[in-house]
Amino acid sequence: MSITKHEELIGMQKVSEVVAYTLKEMRNYAKPGMTTKELDDFGAKILSDFGAKSAPYLTYGFPGWTCISVNNEFCHGIPSEKRTLKEGDLVNIDVSAELNGFWSDNGGSFVLGEDIYQHQKLVDASKEILQKAIGNIKGGVKISEVGHIMETEAKKRGFKVIKNLAGHGIGRSLHEQPDEIMNYKNRFDQRRFRKNSVVAIETFITTTSTYATELNDGWTMVGNKGGFMAQHEHTIVVTDGKPIILTEMNGI
């Protein structure tokens, strides 16, 4: 969406604060021994208390309120009573929701407890790359240039990017134009970021894979060459200068 009046900005700020707060609280609540279903139920209650509705459930009938992916799962992991979190797990939580007709999206990967499997370097890289990418976004900047920054920064750190997952426009629905805000430079993409537009910018930084493939459950995605992925995501408003990070409260 494009922000055309103050009420729209207020609406986007409110829903963004809800998803950011939910993500932060879920991250703090996650403990070894807990199932991903327990963690999802905790997040669902926060969204419900704010009067917000789960975006993946509303839009796609996703079998959970938030997406929780663990270790080799890259994204869209289904919360389950059978999946127990363990010390050192690489966990990704993605929270998106609708509130009063406005939609916002954010997500983040983190290491649960002690970093016994050395995932922290990947997590830190993803966070840093997201900050750098967002810092370079303003009206008129080519979308593909931001993808170029992400891929270049990933390579510098010895990592790769996923080529078939992307950021997207958001605001009046979960996925809007511009779609396919990629983590690499698509030289055929001549689109530019537009001032006052709302976009969800996300990283997909990996150890070995360059494509994500879907498992038989119809949702969960893993790497085509295995390994691990870290994802971090903010919903932002594009301006003439520094973007407004609507989901800043999540602490990423």
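The values are calculated or read from the model by the stated rules, or taken from the named source; none is laboratory data. As the structure is a prediction and not an experimental result, all values here were calculated from the model. Glycine also receives a Cβ, built like all others from the backbone with ideal geometry; neighbour counts cover every protein chain displayed. SASA here: full protein model, heavy atoms, side chains in, ligands and nucleic acids out. Shrake-Rupley method; radii C 1.70, N 1.55, O 1.52, S 1.80 Å.
Per residue, how large is the accessible surface of the stretch 33-145? Use a 1.4 angstrom probe and give square angstrom.
Numbers: 4640 Å² over 113 residues.
It amounts to 41 Å² per residue over the stretch 33-145.
Suppose R0 equals 22 Å; then what is the FRET efficiency for ASN164 and ARG192 from their Cβ-Cβ distance, rounded to the nearest 0.05? Kindly include the intermediate steps, with their values, before the conclusion.
Details: r = 23 Å, r/R0 = 1.03.
So, using R0 = 22 Å, E works out to roughly 0.45.
Note down the nm distance, to one decimal, between modelled labels 7 Å out along Cα→Cβ at LYS242 and at ARG157.
2.1
With θ taken as phi - 60° and the coefficients 6.51, -1.76 and 1.60, list the Karplus ³J(HN,Hα) couplings across the stretch 37-46 in order, rounded to whole Hz; mark glycine and proline as x.
Once rounded to whole Hz, the list reads 5, 4, 5, 5, 4, 4, x, 4, 5, 4.
Explain nothing, just the number: relative contact order of the stretch 88-200, from Cα pairs under 8 Å at least 6 residues apart, as a whole percent.
Values: 186 pairs, mean separation 30.8, N = 113.
27 percent.
Output the pairs from LYS86/LYS242; LYS45/LYS225; LYS14/LYS127; LYS31/LYS185 with a Cα-Cα distance over 27 Å in this structure; if there are none, say none.
LYS86/LYS242; LYS45/LYS225; LYS31/LYS185
Relative contact order for the stretch 1-90: what is it in percent, counting Cα pairs under 8 Å that are at least 6 residues apart?
Values: 95 pairs, mean separation 26.7, N = 90.
It comes to 30 percent, rounded to a whole number.
Non-local amide H neighbours of ASN106 (under 5 Å, H modeled in plane, Pro and chain starts lacking H): which ones?
Distant-sequence amide H within range of ASN106: VAL95, SER96.
Amide H neighbours of THR247 under 5 Å, counting only residues 5+ apart in sequence or on other chains, H built in-plane at 1.01 Å?
Under 5 Å from the amide H of THR247: THR235.
What are the ³J(HN,Hα) couplings of the stretch 69-81, residue after residue, when phi is run through the Karplus curve with 6.51, -1.76, 1.60 and θ = phi - 60°? Round to Hz, x for glycine and proline.
10, 10, 6, 6, 6, 8, 6, 6, x, 8, x, 9, 6
Across the stretch 108-114, in residue order, what do the Karplus-derived ³J(HN,Hα) couplings come to in whole Hz, using 6.51 cos²θ - 1.76 cosθ + 1.60 with θ = phi - 60° and x for Gly and Pro?
Karplus-based 3J(HN,Hα) across the stretch 108-114 equals x, 9, 8, 8, 7, x, 7 Hz.
Amide H to amide H, which residues 5 or more places from PHE74 or on other chains are under 5 Å from it, using H placed in the peptide plane?
MET221, VAL222, GLY223
In debye to the nearest 20, how big a dipole does the stretch 137-252 give about its Cα centre with +1 on each Lys and Arg Cβ and -1 on each Asp and Glu Cβ? Could you put the intermediate results ahead of the total?
On the way: 16 positive and 13 negative charges, 111 e Å.
Approximately 540 debye in magnitude.
When ranked by the protection proxy of mean other Cβ atoms within 10 Å per residue, highest first, what sequence do the peptides 242-252, 224-234 form? Don't jump to the answer; show the numbers that get you there.
Details: 242-252: 19.4, 224-234: 22.2.
The most tightly packed comes first, giving 224-234, 242-252.
Taking 8 Å as the Cα distance limit and 6 or more residues as the minimum spacing, I'd like the relative contact order of the stretch 143-252 as a percentage.
Values: 227 pairs, mean separation 28.1, N = 110.
Dividing the mean separation by the residue count of the stretch 143-252 yields 26 percent.
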